[in-house]
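One structure is given below, encoded as structure tokens.
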Amino acid sequence: MAIERIGVVGAGQMGNGIAHVCAAAGYEVLLNDIHQDAIDTAMATIARNLDRQVSRARISEAEKTEAMARIGTTTTLTDLGPTDLIIEAATERETIKQEIFDSLLPHLKPETILTSNTSSISITRLASRTDRPEQFMGFHFMNPVPVMQLVELIRGIATGKETFDACYEVVERLGKTAATAEDFPAFIVNRILMPMINEAVYALYEGVGSVGSIDTSLKLGANHPMGPLELADFIGLDTCLAIMNVLHDGLADTKYRPCPLLTKYVEAGWLGRKTQRGFYDYRGDTPVPTR
């Protein structure tokens with residue numbers, strides 16, 4: 001399973017980061033999104049992030065140019081068929097992911113490996129809908145991808161050793177560290193992180209502290225680089241809620257019940273940084289707590 005060409009589905013925050021690190025590591029990348037404007041934004045973001053690496057002397061100007069040249073783009077999903085590895089990084093909704101894999105299947109090479117960057121959805125269930133469950137696994141990058149060193153590799157019940165080994169080699173070539181997780185709801189990072197964020201929202205909901213005091217307490221009292229509510233805004237409150245629902249539904253334990261205030265913010269469309277309002281209001285020069 002020699003991997004040289006990688007297809008990335010979804011040009012959003014995660015997808016553009018994945019395309020960036022794969023191209024910088026020498027892979028040929030084909031980045032797909034259904035919206036051309038999303039692709040254009042992604043390419044501009046990749047160029048900007050590579051420029052930042054050049055300015056910090058982490059890569060040369062020539063290496064930046066070579067990396068950009070390795071990234072092709074397309075709005076036609078089936079163009080990814082000839083690639084060796086496909087990393088799906090679309091919206092965290094199972095029905096959308098299933099539709100993507102259903103559309104890809106007739107166009108894939110027999111040896112193509114399918115992976116999902118899902119942060120919580122069952123790999124076994126996604127794989128079971130394909131014609132190659134032994135060549136399917138979870139490939140979960142952390143956000144922001146160019147900065148964060150961890151990649152969770154999640155084996156479904158049918159994932160073969162050759163598939164795992166091939167993906168592990170990709171992680172090593174990217175210069176990142178792999179952590180192996182079993183296919184249980186939310187895997188490792190989000191199994192631990194999201195209940196902490198949810199508990200912070202409960203502390204806000206119950207009036208234990210304000211947005212500012214909760215975030216300050218965790219930053220200075222636990223030495224976290226970012227407070228839990230600030231981090232939730234960075235991740236996206238809709239994503240946090242979706243993961244909590246997966247945990248609650250999949251493990252049937254009331255300790256994973258999403259906080260009603262988190263649900264209310266999502267219902268309001270206040271999803272964090274990407275909508276300019278969440279637990280903080282980002283429309284001015286300085287973020288202002290909304291509660």
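The values are calculated or read from the model by the stated rules, or taken from the named source; none is laboratory data. Treat the numbers as computed from the prediction; the structure is a model and nothing was measured. Note: ideal-geometry Cβ built from the backbone for every residue, glycine included; neighbour counts use all protein chains shown.
Does residue 80 meet the test of being farther than 21 Å from residue 170 by Cα, crowded, with 21+ Cβ neighbours inside 10 Å and not small (Gly, Ala, Ser)?
No: the conditions fail for residue 80.
Results for (1) aliphatic (A, V, I, L, M); (2) part of a helix (DSSP H, G or I), shown as yes or no for each residue.
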| residue | (1), (2) |
| --- | --- |
| 146 | no, no |
| 151 | yes, no |
| 162 | no, yes |
| 167 | no, yes |
| 175 | no, no |
| 215 | no, yes |
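If I filter the stretch 200-226 down to residues being touching a residue at least 24 places away in the same chain (Cβ under 8 Å) and closer than 21 Å to residue 242 by Cβ, which single residue comes out as surrounded by the fewest Cβ atoms within 10 Å (Cβ to Cβ)?
Once the filter is applied, the top-ranked residue is 205.
Hey, does the stretch 178-189 have a residue that's part of a helix (DSSP H, G or I) and more than 23 Å from residue 117 (Cα to Cα)?
Our first condition is that a residue be part of a helix (DSSP H, G or I); within the stretch 178-189, this holds for 189.
Cutting the leftovers down to more than 23 Å from residue 117 (Cα to Cα) gives us none.
No, the stretch 178-189 contains no residue that is part of a helix (DSSP H, G or I) and more than 23 Å from residue 117 (Cα to Cα).
When you go through (1) assigned to a helix (DSSP H, G or I); (2) aliphatic (A, V, I, L, M); (3) closer than 25 Å to residue 13 by Cα; (4) modelled with pLDDT of 95 or more one by one for residue 243, which number turns out not to apply?
Failing condition for residue 243: (4).
Of all residues in the stretch 239-281 being touching an Asp or Glu at 6+ places or on another chain (Cβ under 8 Å) and among the hydroxyl-bearing types (Ser, Thr, Tyr), which is farthest from residue 120 (Cα to Cα)?
Top of the filtered list is 280.
What are the residues in the stretch 238-276 that are over 22 Å from residue 183 (Cβ atoms) and touching a Lys or Arg at 6+ places or on another chain (Cβ under 7 Å), if any?
270, 276
Only one of (1) surrounded by fewer than 20 Cβ atoms within 10 Å (Cβ to Cβ); (2) in contact with a Lys or Arg (Cβ under 8 Å, 6 or more places away or on another chain) is not met by residue 65, so which one is it?
(2) is the only condition that residue 65 fails.
Among the residues of the stretch 69-76, are any surrounded by fewer than 16 Cβ atoms within 10 Å (Cβ to Cβ), part of a strand (DSSP E or B), of a type in the set (Gly, Ala, Ser) and in the same structural domain as residue 15 (by TED's automatic domain parsing)?
Step one: list which residues in the stretch 69-76 are surrounded by fewer than 16 Cβ atoms within 10 Å (Cβ to Cβ), which gives 69, 72, 74-76.
Restricting the remaining residues to those that are part of a strand (DSSP E or B) gives 72, 74.
Those still in the list that are of a type in the set (Gly, Ala, Ser) too: 72.
Those still in the list that are in the same structural domain as residue 15 (by TED's automatic domain parsing) too: 72.
Taking every residue of the stretch 69-76 in turn, at least one turns out to be surrounded by fewer than 16 Cβ atoms within 10 Å (Cβ to Cβ), part of a strand (DSSP E or B), of a type in the set (Gly, Ala, Ser) and in the same structural domain as residue 15 (by TED's automatic domain parsing).
Go through the stretch 121-144 and give me each residue that's part of a loop (DSSP other than H, G, I, E, B) and not hydrophobic (A, V, I, L, M, F, W, C).
122, 129, 130, 131, 132, 143, 144
So, in the stretch 141-161, exactly how many residues are farther than 18 Å from residue 24 by Cα and either surrounded by 16 or more Cβ atoms within 10 Å (Cβ to Cβ) or touching a Phe, Trp or Tyr at 6+ places or on another chain (Cβ under 7 Å) (or both)?
8
Taking only the stretch 80-114 into account, find how many residues are closer than 22 Å to residue 250 by Cα, among the β-branched types (Val, Ile, Thr) and either assigned to a loop (DSSP other than H, G, I, E, B) or touching a His at 6+ places or on another chain (Cβ under 9 Å) (or both).
1
I'd like to verify a number: residues in the stretch 122-140 that are surrounded by fewer than 23 Cβ atoms within 10 Å (Cβ to Cβ) and closer than 23 Å to residue 238 by Cβ, how many?
Qualifying residue count for the region: 2.
Is it true that some residue in the stretch 3-12 is modelled with pLDDT under 95 and either among the small types (Gly, Ala, Ser) or assigned by TED's automatic domain parsing to the domain that holds residue 134 (or both)?
Yes, there is a match, as at least one residue in the stretch 3-12 is modelled with pLDDT under 95 and either among the small types (Gly, Ala, Ser) or assigned by TED's automatic domain parsing to the domain that holds residue 134 (or both).
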